[in-house]
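FYI, it's all coordinate maths here, none of it is from the lab. Keep in mind that what you see is a predicted model, and the values were worked out from it rather than measured. Using ideal geometry, Cβ is built from the backbone for each residue, glycine included, and neighbour counts are taken over all protein chains shown.
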Protein chains: 2
Amino acid sequence: MLLKEMNKAQLEEFKAESEKAYEAYKAKGLKLNMARGKPGADQLDITMDMLDTLNSKSDMKCEDGTDVRNYGVLTGIPEAKKLFAEMLGVDPEMIIVGGNASLSLMYDSIARAMTHGVLGSEKPWCKLDKVKFLCPAPGYDRHFGICENFGIEMITVPMTPTGPDMDMVEKLVSEDESIKGIWCVPMYSNPDGITYSDETVKRFANLSPKAKDFRIFWDNAYCVHHLTDTPDTLLNIFDECKKTGKEDMVFEFASTSKISFPGAGVAVMAASKANIAQIEKILGMQYISYDKINQLRHVRYFKNLDGIKAKMEQHKKLIAPKFALVLGSLEKELGELGVLTWHKPNGGYFISVYTLNGCAKRVVELCKEAGVVLTGAGATYPYKKDPEDKNIRIAPTFPPLAELEQAIDIFCLAVKIASAEKLLAE
Amino acid sequence: MLLKEMNKAQLEEFKAESEKAYEAYKAKGLKLNMARGKPGADQLDITMDMLDTLNSKSDMKCEDGTDVRNYGVLTGIPEAKKLFAEMLGVDPEMIIVGGNASLSLMYDSIARAMTHGVLGSEKPWCKLDKVKFLCPAPGYDRHFGICENFGIEMITVPMTPTGPDMDMVEKLVSEDESIKGIWCVPMYSNPDGITYSDETVKRFANLSPKAKDFRIFWDNAYCVHHLTDTPDTLLNIFDECKKTGKEDMVFEFASTSKISFPGAGVAVMAASKANIAQIEKILGMQYISYDKINQLRHVRYFKNLDGIKAKMEQHKKLIAPKFALVLGSLEKELGELGVLTWHKPNGGYFISVYTLNGCAKRVVELCKEAGVVLTGAGATYPYKKDPEDKNIRIAPTFPPLAELEQAIDIFCLAVKIASAEKLLAE
């Protein structure tokens, strides 16, 4: 029965029952965490043998003869460039292999733009009165954090089932020269798990921004992170940009954080050769090289894209059941109540749910009081302000299955309580 | 006999003899490199067993129970903070453990100051009309590169045998609010190998800059890099600043680049707790964590400062003979000619020599033509301009001894030829 069709007495009974079950959980003093897209310990275990790849007997020369232990080789060892070029479907010359964090590659790209500008900038962005970014939302909180941190004004663009609202994107970038970029997670988007449609990617590749130094920040964080045997597919943005002659418009990012180790993976950036040349000049002041031993460790371990894919199959086996558990619980507990909607993702790290208007904060609060930490409500929007207070990001990968089961039970109870409270107050 | 006391005929004969020997070397088509302070392959070999420290069977929890493989712990794992705190003689709470490059910690510190300011800044430095840095010279070319890269005006301060000319430093910083910092390599300075005297350190700790957000960039790159059994000693800048109440004025940097691996070491920054708090807020937008597995690898391997010191003894055994070879050749070939002066360093990675005025570029050019690459003449000065064209930085660590012997022979011949040319032209 739909909750909104209950009368007051029914609603109050429903709420009381939910609260009773909720209080029982609360009494257990649980400490459960579904806040961040962190791999579980079992996922980290499957890559432990990577640590045996290089040992005291290893040949430490990379394929061009460079000793990876020593200084030098700013943009990455050749075999690492090849591996990531294969993963992203680009030319190895378009690759910069970074340190352990794609976040820092993105932050540094914005920081360089602020202090130096990008290729085509008339002046560094920090010398402009105003810099704005388009922020498809809900989106990745750390993208928005970078903007806020640099005083970049964020303009929210609604997400649709095929990606950002491209009518709005096209209109805004063509009119406003102060709009210098857009954040995209084009595959298994954070948090919605949506993959941009072919049309969306083509429209991105065909954008005609008023700002000559506009950049699409294409955070392809989940490019090989499938959850099913019928994964989504994403058009290659650089292939499309080749057709439109707009390859300079894109900065692409990825990493092995959720392939090998989040704390010690290898990050990568792809961009046109002209962009790479501009970046390299400044990057050479910041780094002599990133960690080349870790780059070599990764290439010797994975060997090629097939090696990465095989590892992702192992990850899938561990986390697909967690997604299934959460989706099953949501369906079972809330499917007939009409108080929560969600999208079943084919990959990525999140399940994004939408409560009734004005209930997300309350749900997160109720969860917290019962020992379940969720990403803060609103975090998926610029300035942490969800205009309708509806979106909650569930990250099911970190807790073991048994804990996750309890956590999602509590979550469902919290949704029931918050929804009943809302309907009773109307 | 002093070259300047030779008559024209003697000089011409001397030059012809030197050229004959030089041409013989040139005919060999050698490829030798004394350009950068790179450890030799034999130095890298002595740390290869570090790669066995962590393997697939290792406990990957650090001492507070954190799984180092996963996300989190922005400023470093506790045991790494302790190790580097011991090395630098500061409180672990003053430590940020970084990635593989202290250069990037320094660059990022300047970049943050440009876009956000440092603690006490009224506005980000990029919003100021002018930002200036004091640059003791000769100094480290990459420090100067960072300044040039950010459009920071460099003011050269002469080096003396006890450190930078402190009369000049004190006067300039007290008068000019646009002077926001100074670069220092206080121990075994790059390139001169000078260690700042106690008085110099005390005067630094007692500076009263007009700019409230002035910072001393204390690049303690060679803090444990001794070449003799009677090493230099350096006062602890933070101890001195505690006495003057000016602990916020210092950013200290170091790394294991020349302790473990240049390409895959661990870098560290030390600063007052108030500075760390300001930095951490912005750093948290750039990084979730640096590579914690590599931090753990380093701590499990070195264990403590004694472990680091033991490793530095091994390095010393390998590189002290190279320094001895170079210094011996300089003395033997040039000691009585009065055309070159140098300082015998007790540590660090360089031998800094001074030619007759106007000869450094010519010496570097002659060396290059005979296949010996040196750091470009002038590189040790702001804007790569050595006002007297005198200073050359010799980096003896990278070539094997046999190659080094040839390289320094060629260098001495180049000095002889260039000096004779100069005296003949007078």
- Could you check which residue among A:S272, A:S352, A:S56 shows the biggest mean-square fluctuation in a GNM of chain A with a 10 Å Cα cutoff? A:S56
- Peptide B:273-286, shielding by other chains (average Cβ, 10 Å cutoff): 3
- Item | Per-residue Cβ neighbour rank within 10 angstrom, fewest leading, B:D67, B:D52, A:D64 | A:D64, B:D52, B:D67
- Task: Take the Cβ-Cβ distance between A:E86 and B:N206 as r, set R0 to 45 Å, and report the resulting FRET efficiency rounded to the nearest 0.05.
- Result: 0.20
- Sparse-neighbourhood loop hits (GluC sites (Glu not before Pro), the stretch B:56-109; DSSP loop; Cβ within 10 Å at most 16 others) -> B:E63
- Message: Suppose a student asked you for the relative contact order of chain A, using Cα pairs under 8 Å spaced at least 6 residues apart; what percent would you report?
- Response: 26
- Query: Tell me, what is the FRET efficiency for A:A24 and A:N357 to the nearest 0.05, using R0 = 25 angstrom and their Cβ-Cβ distance as r?
  - Reply: 0.30
- Query: When Rg is the radius of gyration of the Cα atoms in the protein assembly as shown and Rh is its Kirkwood radius, what does Rg/Rh come to?
  - Reply: 1.03
- Note on the structure: Low-density loop trypsin sites (Lys or Arg not before Pro), the stretch B:1-51, at most 15 other Cβ within 10 Å, DSSP non-H/G/I/E/B, are B:K28, B:K31
- Message: Residue by residue through A:66-77, how many Cβ atoms from other chains fall within 10 Å of the Cβ on average?
- Response: 5
- Working from Cα positions, state the angle (0 to 90°, nearest 10) between the long axis of helix A:360-369 and the longest principal axis of chain A. 80
- Residue mean of other protein chain beta carbons inside 10 Å, A:96-109: 4
- For peptides A:109-116, B:356-363, sequence by mean Cβ density within 10 Å, most packed first: A:109-116, B:356-363
- Nearest-5 percent of antiparallel DSSP beta bridges in the stretch A:61-303? 35
- Helix A:273-286 versus the longest principal axis of chain A: what is the Cα-based angle in degrees, 0 to 90, to the nearest 10? 90
- Hey, in the GNM for chain A with a 10 angstrom Cα cutoff, which one of A:S189, A:S289, A:S102 fluctuates hardest? A:S289
- Item | Percent of beta bridges antiparallel (DSSP, the protein assembly as shown, rounded to nearest 5) | 50
- Give the residues of the stretch A:404-423 whose amide nitrogen is closer than 12 Å to a point set 7 Å from the Cα of A:E365 in the direction of its Cβ. A:418, A:422
- Note on the structure: Cα-based Debye curve of the stretch B:61-303 sampled at q = 0.09, 0.13, 0.15, 0.17 Å⁻¹ gives log₁₀ I(q)/I(0) of -0.36, -0.77, -1.03, -1.33
- Message: Test of the criteria: in the stretch A:284-335, which trypsin sites (Lys or Arg not before Pro) are in a DSSP loop and have at most 15 other Cβ atoms within 10 angstrom of their Cβ?
- Response: A:K303
- Item | Inter-part distance where the stretch A:112-186 and the stretch A:356-426 are each reduced to a Cα centre, Å | 28
- Message: 5 Å is the cut-off here: which amide hydrogens, built 1.01 Å from N in the peptide plane, fall below it relative to A:T160, excluding neighbours closer than 5 in sequence?
- Response: A:D165
- Run the quick spin-label model on A:K31 and A:K123: label points 7 Å from Cα toward the beta carbon, then report their separation in nm to one decimal. 5.2
- Under the rule of -39500 (n - 2.57) per DSSP H run of 4 or more residues, summed and divided by the residues of chain B, what mean residue ellipticity at 222 nm is obtained, to the nearest 500 deg cm²/dmol? -13000 deg cm²/dmol
- Message: I need the shape label for chain A. Rule: rounded when a/c is under 1.5, else prolate if a/b > b/c, else oblate, with a, b, c from the alpha carbon gyration tensor.
- Response: oblate
- Task: Excluding A:D141 itself, calculate the net charge of residues whose Cβ lies under 13 Å from the Cβ of A:D141, where each Lys or Arg counts +1 and each Asp or Glu counts -1.
- Result: +2
- Task: Give the distance, in whole Å, between the Cα centre of the stretch B:17-51 and the Cα centre of the stretch B:277-347.
- Result: 18
- Message: Among A:C126, A:C367, A:C135, which one shows the highest mean-square fluctuation when chain A is modelled as a Gaussian network with alpha-carbon springs under 10 Å?
- Response: A:C126
- Item | Fewest-first sequence of A:V373, A:V339, B:V353 by Cβ atoms within 10 Å of each Cβ | A:V373, A:V339, B:V353
